[in-house]
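Before any comments, here is the structure.
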Amino acid sequence: MGLNLAQKIIKEHLVSGEMVPGKEIAIKIDQTLTQDSTGTMAYLQFEAMGIPRVRTKKSVAYIDHNTLQTGYENADDHKYIQTVAAKHGIYFSKPGNGICHQVHLERFGVPGMTLLGSDSHTPTGGGLGMLAIGAGGLDVAVAMGGGPYYMMMPKVCKVTLKGKLRPWVSAKDVILEVLRIMTVKGGVGKIIEYAGEGIKTLTVPERATITNMGAELGATTSIFPSDEVTREFLKAQGRESDWVELLPDPDAEYDEEITIDLGSLEPLAAKPHSPDNVEEVSSIGPIKVDQVCIGSCTNSSYMDLIKVAKILKGKTVHPDASLVIAPGSKQVLTMLAKEGALADLVAAGARILESACGPCIGMGQAPATDAVSLRTFNRNFEGRSGTKSAKVYLVSPETAAASAITGVLTDPRTLGEAPAVTMPESFLINDNMIVPPAPEGENIEVVRGPNIKPFPVNKELADKVEGAVLIKVGDNITTDHIMPSNAKLLPYRSNIPYLAEYCMTPCDPDFPKRAKENGGGFIVGGSNYGQGSSREHAALVPLYLGVKGVVAKSFARIHMANLINSGILPMSFVDEADYDRIKEGDVLVLENAREQVKAGDELTLLNKTAGTEIKVRIALSERQKSIMLAGGLLNYTKKQGQQ
């Protein structure tokens, strides 16, 4: 039996375990990336391990999230990250150099390598043929220290792309179609591997758009082969020597298969408030548009924005619409400027933002009350834009540009002939905003501002775990619900005590107060609990508030891993009907907790208030059981080092 592409890379990096779906494996990590929203915590955790220098082939710290400096907090975090990076052997990408995933694709990604990033959209690197996985900051810290990354061996789902995209249809429409087919839960426990003749028609930036939004499927990662298209991209980036051909075996086997005819697709949009709520733009109709935002790690490449510039050239943004554009990197912005495309965008009435995440993470450009905002981003969760009442649609750059001109949601095919865009033979290379680390042994002072507070560390699991149900929530609760990440809170990502005052407040403003009054307790959730961002703050802040466990119908992959890393029990209902039998305020008890966790995956949770028993499942490997007993990954790692 031949190997598929994902299996080939995993086999090459396998440290322990069997490549059997559902079995725990450990893989060696070649590269890591962090961004400033998650990076401060990751580096504090790395420092706590006492390892002097990173042991990866390359680690990069990016500043791209918290770039609005309305106070000292973000600047202090940036200074901390820059100095800790210099000391420990990490490359530092300065504010303004660009979004981590776009820059990493351009300057650092290598086909066949493993990449672990403290950002859920790290799978963007799969567009280059990398096995690129998003994870919590602590997992990334361990990888920087030379430790392997543990995960359950995923199934591999083959998506065969046939044919060729028609004019005005783009890679964004491909991944929206995959989301429509698979849903936001459909990729959990899977790697999505793209194949078929159709992939040869897609450039690396187009492939990266598709792998980027694989995160919205809940997938472990997504990957394309490394072929001549990959080679041409790397050659244009002056990195042809990094290229290696990587293809699945001709007789490779897959756990699932989906086929999509590229030629049958038309422009699509994800309607509020979920990336899988997908419908044809032509079917939705010409709804009035108040705001258009183009950029984010999904659609801010040179290829995306040169198309937008050609569509807007000689046109004017509709009087009732606002258009903002954020180029993905300094490279993209500089090339647009040199070619005159930037002038075309500005002349049309676009507002140009810096090369950063910006509106995608709620860092500026919040829409007006009840506004309709079209965005080329990857998530449209309620309130993520900064305005709870806004209606956010996810669309392609072509649809966004067309709609900015007309002022209504517009099928770009109505504009006539599509602009012709070709991949440049060479990109403009200038890495002067990437700071290499200091030479090993050089004395570097790590600078910590007053906003950087110690992170909470759990204690060993007690024999009896008891507490009240602090809140009961429904399905598809996101990390934005658990730990909001708007422009006002992002500067405090290194200050857990401050963030604790906002934990779960989108669901219930009284949650922090109730958690403190009860000395912690339990959270009860529906299916796909914790979807969205990789932010481990969604586990660290509940830990700070004394949350002992979460009982849910099912969990999103990264959030479940973060709960385990924090020593918070992630329990799922054996019988989902038990969800309806628990009320907020009920007191839950896990007797003989240590023995129950050691014994197996099915535990008995007592509802003391109702006088009933609830069977819950805790799907942990033997290693994860040890982590849970130790009170989290940091305690476990220290314990291992002392043996």
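The values are calculated or read from the model by the stated rules, or taken from the named source; none is laboratory data. The structure presented is a predicted model; accordingly, all values stated were derived computationally and were not measured. Backbone-built Cβ (ideal geometry, glycine too); neighbour counts: all protein chains shown.
So here's what we get for this one:
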item	result
Residues of the stretch 32-59 classified as outside any helix (DSSP H, G or I) and either buried (at least 24 other Cβ atoms within 10 Å of the Cβ) or in contact with a Gly (Cβ under 8 Å, 6 or more places away or on another chain) (or both), total	10
Hey, residue 22 without any contact (Cβ under 8 Å) to a residue 60 or more places away in the chain, small (Gly, Ala, Ser) and surrounded by fewer than 24 Cβ atoms within 10 Å (Cβ to Cβ) or not	no
Search result, residues across the stretch 333-352 that are touching a Gly at 6+ places or on another chain (Cβ under 9 Å) and more than 16 Å from residue 401 (Cβ to Cβ)	333
Among the residues listed as 260, 311, the single one being on the phi < 0 side of the Ramachandran plot and not assigned by TED's automatic domain parsing to the domain that holds residue 165	311
Flag if residue 68 is of a type in the set (A, V, I, L, M, F, W, C), in a loop (DSSP other than H, G, I, E, B), outside the structural domain of residue 486 (by TED's automatic domain parsing) and within 30 Å of residue 353 (Cα to Cα)	yes
Cross-chain or 6+ apart pairs with Cβ under 8 Å, the stretch 210-238 first and within 21 Å of residue 8 (Cβ to Cβ), then aromatic (Phe, Trp, Tyr) and surrounded by fewer than 24 Cβ atoms within 10 Å (Cβ to Cβ)	226/243; 230/243; 231/243; 234/243
Test result for residue 482, modelled with pLDDT of 90 or more, within 28 Å of the chain's Cα centre (by Cα), surrounded by fewer than 22 Cβ atoms within 10 Å (Cβ to Cβ) and of a type outside the set (Gly, Ala, Ser)	no
Any chance residue 289 is touching an Asp or Glu at 6+ places or on another chain (Cβ under 6 Å), β-branched (Val, Ile, Thr) and not assigned by TED's automatic domain parsing to the domain that holds residue 130	no
Residue list for the stretch 71-111, restricted to those being in a loop (DSSP other than H, G, I, E, B) and either within 26 Å of residue 206 (Cβ to Cβ) or in contact with a Cys (Cβ under 8 Å, 6 or more places away or on another chain) (or both)	96, 97, 99, 108, 109, 110, 111
Selection count, the stretch 572-589, where residues are under 12 Å from residue 551 (Cα atoms) and buried (at least 17 other Cβ atoms within 10 Å of the Cβ)	6
Scan of the stretch 490-504 for residues that are in a loop (DSSP other than H, G, I, E, B) and touching a helix residue (DSSP H, G or I) at 6+ places or on another chain (Cβ under 6 Å), ordered by number	493, 494, 503, 504
From the options 185, 172, residue that is touching a residue at least 40 places away in the same chain (Cβ under 8 Å), under 25 Å from residue 554 (Cα atoms) and basic (Lys, Arg)	185
Breaking point among (1) buried (at least 23 other Cβ atoms within 10 Å of the Cβ); (2) small (Gly, Ala, Ser); (3) in a helix (DSSP H, G or I), for residue 222	(3)
Helices (runs of 4 or more DSSP H) contained in the stretch 539-643 and holding at least 1 residues under 22 Å from residue 528 (Cα atoms)	557-565, 622-630
Enumeration of residues in the stretch 569-592 that are under 30 Å from residue 42 (Cβ atoms) and touching a Leu at 6+ places or on another chain (Cβ under 6 Å)	570
Filter result for residue 114 (modelled with pLDDT of 95 or more, polar (S, T, N, Q) and in contact with a Cys (Cβ under 9 Å, 6 or more places away or on another chain))	no
Within the stretch 112-130, tally of residues that are hydroxyl-bearing (Ser, Thr, Tyr), farther than 20 Å from residue 357 by Cα and part of a helix (DSSP H, G or I)	0
The stretch 306-330, subset assigned to a helix (DSSP H, G or I) and touching a strand residue (DSSP E or B) at 6+ places or on another chain (Cβ under 7 Å), residue nearest to residue 417 (Cα to Cα)	308
Residue check, residue 386 in a loop (DSSP other than H, G, I, E, B), among the small types (Gly, Ala, Ser) and without any contact (Cβ under 8 Å) to a residue 60 or more places away in the chain	no
Matching option when the condition is more than 18 Å from residue 115 (Cα to Cα) and in contact with a strand residue (DSSP E or B) (Cβ under 8 Å, 6 or more places away or on another chain), among 2, 71	2
Strands (runs of 3 or more DSSP E) contained in the stretch 131-182 and holding at least 3 residues crowded, with 23+ Cβ neighbours inside 10 Å, in the same structural domain as residue 253 (by TED's automatic domain parsing) and in contact with a Phe, Trp or Tyr (Cβ under 9 Å, 6 or more places away or on another chain)	155-162
Scope the stretch 1-19; condition within 20 Å of residue 160 (Cβ to Cβ) and surrounded by 19 or more Cβ atoms within 10 Å (Cβ to Cβ); matching residues	4, 5, 6, 7, 9
When residues of the stretch 168-211 are limited to those that are under 30 Å from residue 424 (Cβ atoms) and charged (D, E, K, R), the one farthest from the chain's Cα centre (by Cα)	197
